[in-house]
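Peer 1: Here you go, one structure.
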Amino acid sequence: MADLSLEFCGIKFKHPIIIASLETTNSPEVIRECVDAGAAGMIVKTLTDIEDMARLTENSKYAILNEKNELIKGKVNKNYVFYSRSGYSSTALREWMPYLKELNKYAQDHGSHLIGSAGGKTVQSWVDICRTIEDCGLPMVELNFGCPHPAMMPGVHGGSMIGQEPDVAREVTARVCEAVKIPVVVKLTPDQSRVLDVARAVKEAGAAAVTATNRYTGFSVDIETGQPRLGGPAGIGGVWAKPLSLRWVHRIYTELGMPVTGSNGIYDHRDIVEFIMTGAPLVQVGSVLMLKGIKYLPSMISGLEEFMDKHGYPDIASMTGIASKRSVKDYGDQFRKPRMHSEITRDACKNPSCTICIQTCFYDALAQGVGKVDTLHANCIGCEMCTQTCPFGATGMHTTTEEARQVQSFFQIPPEVFEKGKFEKGFDRGIKLSKVKG
Ligand SMILES: Cc1cc2nc3c(=O)[nH]c(=O)nc-3n(C[C@H](O)[C@H](O)[C@H](O)COP(=O)(O)O)c2cc1C
């Protein structure tokens, strides 16, 4: 059986699935429920001294939408869109303190970990919250530089406002890292283009790891009423966000070589595997548990274990980052790969007049013949679209030989184009991009 345990920032986790900081970690009762369900760790709902962020949680609103942008009634499937507004923990830090100590012990007794999360009003309050978390015995703290809501609250400076400014993120991280000995993890915001700069800044400031990522800010409309949902902008997430989160996991893993925990877009064990293969060996599960209940967690753990056994991965390290390591470095790598072209298996094409393959070929490589679809190999660029739109699985890709490739490329650019001096006459240089047919 696969070994699911791993070490992250010097802490041993029994498996890679921890509970993200959100409503599922907002009370001692629910944290205990997470431990009992087998979570490897729980990040407490962000502890704060920002009153408005605590008040926001007491006024939380949710619009959970399906693929038609309608409110979900009942069954939640993988296409859900979680549109919501909530703040930080509504319970004051001093009230949390005895519970943090007790819950930390409860977690440890069950081979799990209680992790802190901070969101302060001033640089000093970030430091104070993190010190308190450490004093309560928690082994790790996450700095929430990713929350989308403070940016929309007048007078509040926190969350993604810090996470969008590398210098501010660096300063807060450095001050916290000077003040505590436990590993500091920074939760990043994807609501920007400088994610890598922020990750680099907090790494230089002493962060042990980053979390990629918190959620986006969105805007959603109920088209029946013409009203913005939840009255206006709000946080938004769901499995649709996963490839966007993975983009940052991939870049941080490959370019910064920094430990990453994955968040934003996990519904089941398949998503967890994707995060691990991209480079995040420890993952955080959030909104899906709000929608399905904590009892859903064990199915994710067993699903991961079954997947690893079935695919012969002995441990988490053997999966971590394998897809990122195999990724092209840039688009130029694509051009050096063998060329492919599409061919149709006549017997498999059950309805040659359905024409969906022809309609979805934008390179004129497929045409309606008599009682069959004709392939024009010379035009095929090997994009693979027809293999996915054909309902019969009748199209397949084949490697184009080097000889065929020489005459079959979609646009033939005459070799003299590349000779020095040919461009001097500008556009009137007699060069044509000719489409070669066979
Ligand atoms: C209702 C709600 C409340 C959240 N509250 C917090 C929070 O207090 N602190 C924090 O760091 N992240 C918070 N998050 C973000 C989650 O921790 C998590 O990063 C995000 O939901 C993406 O993961 P998911 O796709 O598994 O839901 C919240 C998310 C939701 C939906």
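We did not get these values from a lab; they are worked out from the coordinates using the rules stated. Predicted model only: the values in this text are computed from it and were never measured. Glycine also receives a Cβ, built like all others from the backbone with ideal geometry; neighbour counts cover every protein chain displayed.
Peer 1: Write out the cysteines belonging to the chain for which the nearest other cysteine Cβ is not under 4.7 Å, or none if no such cysteine exists.
Peer 2: Lacking a cysteine Cβ partner under 4.7 Å: C9, C34, C130, C136, C147, C177, C349, C354, C361, C380, C383, C390.
Peer 1: In whole angstrom, how far apart do the alpha carbon centroids of region 272-309 and region 233-252 sit?
Peer 2: 16 Å
Peer 1: Sorted by average packing, counted as other Cβ atoms within 10 angstrom per residue and highest first, what order do 273-279, 119-125 take?
Peer 2: 273-279, 119-125
Peer 1: Right, here's the next one. Take D268, D109 and order them by how many other Cβ atoms sit within 10 Å, fewest up front. Mind showing how you got there, number by number?
Peer 2: Numbers: D268 16, D109 9.
Ascending number of Cβ neighbours within 10 Å: D109, D268.
Peer 1: Still on this model: Can you tell me how much longer the chain between Q359 and R326 gets when fully stretched, taken as 0.36 nm per residue apart minus their C-alpha distance, in nm with one decimal? Working shown, then result.
Peer 2: Details: separation 33, 0.36 × 33 = 11.88 nm, distance 3.32 nm.
Length difference between fully extended and current span is 8.6 nm.
Peer 1: With point charges of +1 on the Cβ of Lys and Arg and -1 on the Cβ of Asp and Glu, referenced to the Cα centre of the chain, which listed residue (S318, T375, C361) lies farthest in the positive direction of the dipole?
Peer 2: T375
Peer 1: Continuing with this model, one more query. Report the residue, chosen from A378, A107, A169, that carries the largest GNM mean-square fluctuation when the chain is represented by alpha-carbon nodes joined by springs under 10 Å.
Peer 2: So, out of A378, A107, A169, the one fluctuating most is A378.
Peer 1: Which value in deg cm²/dmol, rounded to the nearest 500, describes the helix-derived mean residue ellipticity at 222 nm for the chain, given -39,500 (n - 2.57) per DSSP H run of n ≥ 4 and division by the residue count?
Peer 2: Working: 16 runs with 141 residues, N = 438.
So the helix-based figure for the chain works out to -9000 deg cm²/dmol.
Peer 1: How far apart, in nm, are the 7 Å Cα→Cβ label points at E384 and S318?
Peer 2: Distance between the two pseudo-spin positions: 2.6 nm.
Peer 1: Still on this structure: Let me check against my output: what whole-number percent is the relative contact order of the chain, with C-alpha pairs under 8 Å and at least 6 apart? Before the final figure, lay out the partial values.
Peer 2: Details: 900 pairs, mean separation 55.4, N = 438.
Computed value for the chain: 13 percent relative contact order.
Peer 1: Taking only Cα atoms and a 10 Å spring cutoff, compute GNM fluctuations for the chain and point out the largest among H149, H15, H157.
Peer 2: H157
Peer 1: Would you kindly state how much longer the chain becomes between E95 and Q192 on full extension, computed as 0.36 nm times their sequence separation minus their alpha carbon distance, in nm to one decimal? Intermediate results must be reported in sequence, preceding the final value.
Peer 2: Values: separation 97, 0.36 × 97 = 34.92 nm, distance 3.48 nm.
The span from E95 to Q192 would gain 31.4 nm if fully extended.
Peer 1: Here's another thing I want to ask about it. Kindly rank 239-246, 346-353, 190-197 from highest to lowest mean number of other beta carbons found within 10 Å of each residue. Provide the component values of the computation, followed by the final result.
Peer 2: Numbers: 239-246: 19.4, 346-353: 12.0, 190-197: 16.8.
Descending packing order for the listed peptides: 239-246, 190-197, 346-353.
Peer 1: Let me ask something else about it. Testing the spin-label approximation: label points 7 Å from Cα along Cα→Cβ at Q334 and L256. State their distance in nm.
Peer 2: 2.7 nm
Peer 1: Using a 10 Å cut-off around each Cβ, can you sort C147, C354 from fewest to most neighbouring Cβ atoms? Show your work: numbers first, answer last.
Peer 2: Numbers: C147 30, C354 15.
Ascending number of Cβ neighbours within 10 Å: C354, C147.
Peer 1: Now for a different question. For a quick check: sort R326, R200 by the number of other beta carbons within 10 angstrom, fewest at the front. Mind dumping the intermediate values first?
Peer 2: Details: R326 8, R200 19.
Least to most surrounded, the residues fall as R326, R200.
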